[in-house]
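See below for the structure under consideration.
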Amino acid sequence: MFKWIFMAVALVGITVTPAQAIDGAKVWKKCKACHNYNKARNKSGPSLQGIMGRKCGAAIKFKYGKDYKKACAANAWTWDAALLDEYIADPKQFIKARGGKRSKMAFRLKKPDNRKAVIKFLTDNAK
Ligand code: HEC
């Protein structure tokens, strides 16, 4: 009996330890007012379903900003972890670096650890 309790406690200990890493699902809550990740339906922002490996500006029926479209037409990037990190850190700066001026995404995720966590969340779940 005591042995079992001891083992149960030990197991809980093992599963709890890695929880120190930032939970990407929690960070996602900051994005979800404007984006879906597992449905094609757009909100005020484009759906991010399948965003990893997706071309810029590819959400069906979403009206991207003029400058976003311009930057995308000129650079035709494919989203990966590094580009997502640059974009969500400062969308306006990202568009500026690619020949546009404005971004319709009025949101910045400043903390690198939060960006890393939410990108992991999208990599695993935005399918
Ligand atoms: C206030 C609403 C809002 C929030 C919050 C927001 N976004 Fe956006 N997002 C937008 C809009 C609007 C666009 C379209 C940008 C444009 O047309 O200039 C966009 C575009 C994007 C794109 C480009 C998609 C494509 O189809 O090329 C990505 C990637 C993205 N957002 C990720 C995120 C992530 C990740 C978060 C959370 C960390 C987030 N966004 C938070 C509104 C938002």
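Laboratory data are not the source of any read-out in this text; all were calculated from the coordinates shown. These figures come from a predicted structure and were not determined experimentally. Because the Cβ atoms are built from the backbone with ideal geometry, glycine has one as well, and the counts that use them run over all protein chains shown.
For the pair K43 and A74, what calculated FRET efficiency results from E = 1/(1 + (r/R0)^6), where r is the Cβ-Cβ distance and R0 = 22 Å, to the nearest 0.05?
That pair, A74 with K43, gives E of 0.25.
Please report, in cubic angstrom per residue, the volume enclosed by the convex hull of the alpha-carbon atoms of the range 51-117.
84
Tell me, what HN-Hα J-couplings in whole Hz come from the Karplus equation 6.51 cos²θ - 1.76 cosθ + 1.60 at θ = phi - 60° for each residue of the range 105-122, using x for Gly and Pro?
Computed from phi, the couplings for the range 105-122 are 8, 8, 7, 9, 10, 7, 7, x, 5, 5, 5, 4, 5, 6, 5, 4, 4, 5 Hz.
Using the Cα atoms of the range 30-70, I'd like the radius of gyration and the largest Cα-Cα distance, Dmax, both in angstrom.
9.9, 27
Report ³J(HN,Hα) in whole Hz for each residue of the range 67-81, in order, from the Karplus equation J = 6.51 cos²θ - 1.76 cosθ + 1.60 where θ = phi - 60°; Gly and Pro get x.
5, 5, 4, 5, 4, 5, 5, 6, 10, 6, 7, 10, 5, 9, 4
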